[in-house]
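Here, each number is a calculation from the coordinates, and none is a lab measurement. In this text, all values refer to a predicted model and were calculated from it rather than measured experimentally. Cβ atoms come from the backbone with ideal geometry, glycine included; neighbour counts cover every protein chain shown.
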Amino acid sequence: MRPDFFKRGFFDGGGSIAAVVAPVLIVLVAFPLLFVLLQAVFPDIALGSFADPFGRFVETLSDPRLVRWTLNTLMLGVCVVVGAFVVAVPLGILRGLFRVPGGGFWDLVFLVPFTIPPYIAALGWIMTLQPRGYLEQVSGVNAGAFLFSFQGVVFVMTLNVFPVVYFAVSRMVATIGGRYVEAARVAGSTPVRAFWRITLPLSTPAIAASLLLVFAMAIEEFGTPAALAARSGFLVLVTGIERHLSDYPIDLPSASLLSTILVLMAMTAFIIQHRVVSRRDFRTISGKPGAQDLLPLGVWRIPVVILFAVVGLLGAVTPVAAVMLTASTRTISGGLAVDNFSTVHFAEIFANSGGAMEALGTSLGLGVAAALITGLLGTLTAYVVVRQRHLGARILDFLTMIPNTIPGIVVAVGLILAWTQPWLPATPYNGIGILVLAYCCLLLPYPVRYANAALRQIGPSLEDAARVSGARHITVFFRILTPLILPSVIAAMLLVFAVAARELVATILLAPLGTKTVALFIWRQFEQGSVGLGMAMSAMAIAITMTIPIAVAIWTRKRGQMF
C-alpha cells in the first residue's frame, strides 16, 4: 500500500499525474528563470561559484546605455499602446455595436497581421517604404526616413498588435449588446450618454487587459526594433540583451540583469492589468445580453467601411503584398517591371539553395515536437489544476502562467545559463533539444489554458461513475476525459505548431552551430543581401502561420467551441 502522503492532499484525484507534471514544469520553467536571477546576483555562477554577490550591479546599473535602453523600452511600449488604442478601440466598438458591412470579412482581414511573424511584417514594410521601395516606385514618395526611426517602429508594431485589442473590444461590446443602449434611450438618455455610462464601463476590463497585453508584447519584441531602429541607434532592452550575448566578449551577468529588468517590467504590466480589472467591477444583472442587437450605421455606413478598409490595407494587405512581390521578382533593382517577375526564388527554395528545405524541415519538425510535448504536458497540468484545490495545484498553475510574463529572450538567456553549468552530467545545450525546451517553455500556456477551459465544462460526475466502477485515475483521464477535451487540445497544439515553426529570438540565441530553421534562414538571407530568397521563404512562413490559425478558427467554430 502506498504511503498516506500519496493518498491525500496534493495527490488526491490524480497523484501519479501530479508526480509527473511537477518536476517537468520545474525543469522547463522554474530552472531557467532561477538561473537568470542567480546570474544577475552572482557574476561567476556560470563557473559554479557563488563568490562576489551583486559584484556587477554597480557597473551594470551605472552604464549610461542601460538608462537609455530602459527608457526607450518604456517609451516604445507606451507609444504602441497608445497607437493600438487609437486604431483598435474605435474599430472594435463599431464592430461590436453596429452592423458593419462585411463584418466577418473584416474580422478575417484583421486576423492576418496577428498571424504574420512580426519580423517578416517589418521586412515587408522595409521593401515598401525604403528608398526606391514600392511606394516610391508607384507614387514617388520616399518614406525611408520615417520607417527607420522610432516613429516607424511604433507604426509597424502598432499594425502588428492592434488585432489583440480589436478582437477583445469587439467581442466584449457585442456581448454587452445594443439593447442596453436602446433601453437607456427609451428611458430618455442620449446615445452618447448611453455609450459613456453603459457600453464603455462594461467594456473597460477588456480594453485594459488587451492594452496591457499589447504593452508586454511591445517591450519583448525583438525583430521589429532590430530590423528598423537599430541602425539609427534606437536600442531597447531586448536588442541590448542580444548584443551582450552576441558581441565579444560575451557578458552573461549584464545580460541577466537586463533580463531581470525586462521581466519586472512585463510582470508589472500584468499586475496592473489585474488590479485595473478587479477594481473596476461593472456587470449586468439581467441575464446574458444578446449579441445580435446591432444598430444601423445610417449615413456613417460608407465612412466606416472606408476606415476599416484603410486599416486593413495598412495592417494586412501591404506587408503581405510586399513579401509576395519581392519573392516574385528576379532582382530588387529591377523594380516592378513585368519582365522582372519570376518564380526563380521559389525554385531555389525547393532546390534547397542555402539549405532552404533543410531549414523548412527542421522548423516543421521542431513545431511538431513542441506541439506534441506541450499538448500532453498542458493537458495533464490542466487536469491537476482543475480537479485539485490544494497549494500544490496552485503552484503548478502559477508555473504555467509564468511564460506569459517572461519575454522570449529572457527564456533563451535562462536556458543558456541553466544548461551550461559545469556540474551538470549531461546537457541539451548545443543540440536541437535546447530549441524544443525553449519553444515548450514559451508556448506551454496555450494548451494549458485551452484544456483548462474545456475541463471546467465537464462535471466530475463522469469521473465519479468510473471510479465507482473500479477505474483508476489514469484510466479515467485517458479513456473518458481525454476524448472529450481532445478538440480543444488539438486546436491549441496547432497554434503551438504555427508559432514554434517561425519563432525568431530564442532561435537566434540558442540554435546550435550549423542548425537551419525558417526564422534563421530568413534573417540571415537579409543580412547577406539575398532579399528575394529570404522573402520567398517568408512567403512560405506566412502561408503556414496564416493557414493554421484560420483553419483552427473554422474548425472550432464548426464544433461549437469558443476560445
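What does the charge add up to near G55, with Lys and Arg as +1, Asp and Glu as -1, over the other residues with Cβ less than 14 Å from its Cβ?
Details: positive: R56; negative: D44, D52, E59, D251.
Value of the local net charge: -3.
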(request) Which order do the peptides 506-512, 306-312 take when ranked by the mean count of other beta-carbon atoms within 10 Å per residue, highest first? (result) 506-512, 306-312
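How large is the charge dipole for the chain, taken about the Cα centre, if only the Cβ atoms of Lys, Arg (+1) and Asp, Glu (-1) carry charge, to the nearest 20 debye?
Working: 37 positive and 24 negative charges, 422 e Å.
Using Cβ point charges on Lys, Arg, Asp and Glu, the chain gives about 2020 debye.
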(message) Under 5 Å between amide hydrogens, which residues at least 5 positions from T329 or on another chain qualify, with H placed 1.01 Å from N in the peptide plane?
(response) S342
(message) Shape verdict for segment 299-407, please, from the Cα gyration tensor: rounded (a/c under 1.5), prolate (a/b greater than b/c) or oblate.
(response) oblate
(message) Please list, in order along segment 56-62, the HN-Hα scalar couplings obtained from phi with the Karplus expression 6.51 cos²θ - 1.76 cosθ + 1.60 (θ = phi - 60°), rounded to whole Hz, x for Gly and Pro.
(response) 9, 4, 5, 4, 6, 5, 8
(request) Of the listed values (1) 27; (2) 51; (3) 46, grab the one calculated as percent of Cα pairs over 41 Å apart from the structure here. (result) (1)
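Using a Förster radius of 35 Å, what is the FRET efficiency between S353 and A309 based on their Cβ-Cβ separation? Nearest 0.05, please. Let's see the in-between values first.
Numbers: r = 38 Å, r/R0 = 1.09.
The computed FRET efficiency comes out at 0.35.
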(message) Using amide H atoms built in the peptide plane, which far-off residues or other-chain residues are under 5 Å from F98 H to H?
(response) L295
(request) May I ask you to evaluate 6.51 cos²θ - 1.76 cosθ + 1.60, the Karplus curve with θ = phi - 60°, for each residue of segment 235-246 and list the ³J(HN,Hα) values in order in whole Hz, giving x for glycine and proline? (result) 10, 10, 4, 5, 5, x, 4, 4, 5, 4, 8, 10
(request) Determine ³J(HN,Hα), in whole Hz, for all residues of segment 142-153 in sequence, where each value follows from phi through the Karplus function 6.51 cos²θ - 1.76 cosθ + 1.60 and θ = phi - 60°; x replaces Gly and Pro. (result) 9, 10, x, 4, 5, 5, 8, 8, 4, 4, x, 4
(message) What's the ranking of 57-68, 470-481 by average number of surrounding C-beta atoms within 10 Å, highest first?
(response) 470-481, 57-68
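Can you give the helix-only mean residue ellipticity at 222 nm for the chain, where every DSSP H stretch with n ≥ 4 adds -39500 (n - 2.57) and the sum goes over all residues, rounded to the nearest 500 deg cm²/dmol?
-22000 deg cm²/dmol
Need the full-extension length gain, F57 to F150, defined as separation in residues times 0.36 nm minus the C-alpha distance. One decimal, nm. Don't skip to the end; give the middle numbers.
On the way: separation 93, 0.36 × 93 = 33.48 nm, distance 2.92 nm.
Gain on stretching F57 to F150: 30.6 nm.
For segment 1-152, what does the alpha-carbon gyration tensor say about shape, rounded, prolate or oblate, given a ≥ b ≥ c as the root eigenvalues, a/c under 1.5 as rounded, and a/b over b/c as prolate?
Numbers: a/c = 2.99, a/b = 1.44, b/c = 2.08.
Verdict is oblate for segment 1-152.
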(request) Tell me the label-point distance for the pair S461, V368, using the 7 Å Cα-to-Cβ offset, in nm and rounded to one decimal. (result) 4.1
